[in-house]
Amino acid sequence: MIKKIAGILLLILIGIQFIRPERNESTGITANDIAQQYYIPPDIQEILQRACYDCHSKNTEYPWYTNIQPVGWWMSKHIEDGKESLNFNEFGSYTPKDQDHVMDEIIEVVGNGEMPLPSYLWMHGEAKLFDDTAVLIDWARKLKKEIAATK
């Protein structure tokens with residue numbers, strides 16, 4: 001009986017490998033990209049790419065383990081949720097009020113150590129902010145002032 005159950009589970013595990021989520025990959029920078037709307041200093045751009053863009057842009061760098069299901073589905077859901085909250089590639093399409101709110105959220109979640117997600121950091125230790133937290137928060141505050149000037 002246990003061998004039958006193990007065999008069935010193995011077949012299911014093999015079968016689900018063929019059901020893959022859509023990849024979050026794009027080419028080029030869109031007109032609505034935050035970098036097309038506002039100046040992003042190189043040090044901030046590096047932080048955003050290293051710690052934020054995998055889940056908050058249209059271009060995720062996929063590690064090898066996302067080819068194994070259900071891990072790929074789990075990561076796909078994280079990316080979908082992340083882009084729903086903030087998509088740096090669509091930042092220009094947000095209203096100034098929403099842009100301002102996004103900066104408030106960045107200040108709060110980065111300041112509280114809630115981002116990047118601990119589950120993301122397990123496999124992406126390079127995304128840990130360490131000393132970059134203050135720099136990122138300072139940039140978000142400055143961008144809030146710039147956004148306010150456009151209202």
Starting from region 6-59, pick out the GluC sites (Glu not before Pro) whose DSSP state is loop and whose Cβ has at most 10 other Cβ atoms within 10 Å.
Glu22, Glu25
Can you pick out the pairs among Lys83/Lys144; Lys3/Lys77; Lys77/Lys144; Lys4/Lys77; Lys58/Lys144; Lys97/Lys128 whose Cα atoms lie more than 25 Å from each other?
Lys3/Lys77; Lys77/Lys144; Lys4/Lys77; Lys97/Lys128
Per the Debye formula with a single identical scatterer at each Cα and no solvent contribution, what log10 I(q)/I(0) holds for region 17-151 at q = 0.09, 0.12, 0.16 Å⁻¹?
-0.27, -0.48, -0.83
In percent, how large is the relative contact order of the chain, given Cα pairs closer than 8 Å and 6 or more residues apart?
27 percent
Highest-fluctuation residue, Asp54, Asp131, Asp100 considered, GNM on the chain with Cα pairs under 10 Å
Asp131
Between Thr95 and Glu146, what is the label-point separation in nm under the 7 Å Cα-to-beta-carbon projection?
2.2 nm
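Given R₀ = 25 Å, FRET efficiency for Phe130-Ser85 by Cβ-Cβ distance, to 0.05?
E between Phe130 and Ser85, to the nearest 0.05, is 0.65.
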Mean Kyte-Doolittle hydropathy of -0.5 or higher plus an axial Cα length of 20 Å or more: which whole DSSP H helices in the chain meet both?
2-16, 96-111, 132-150
Using Cα positions and a limit of under 17 Å, work out the aspartates and glutamates in reach of Lys145, with same-chain residues fewer than 8 apart set aside.
Asp98, Asp100, Asp104, Glu105, Glu108
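Here, each number is a calculation from the coordinates, and none is a lab measurement. For clarity, every value in this text was computed on a predicted model and none was experimentally measured. All Cβ positions, even for glycine, are placed from backbone atoms using ideal geometry, and neighbour counts span all protein chains on display.
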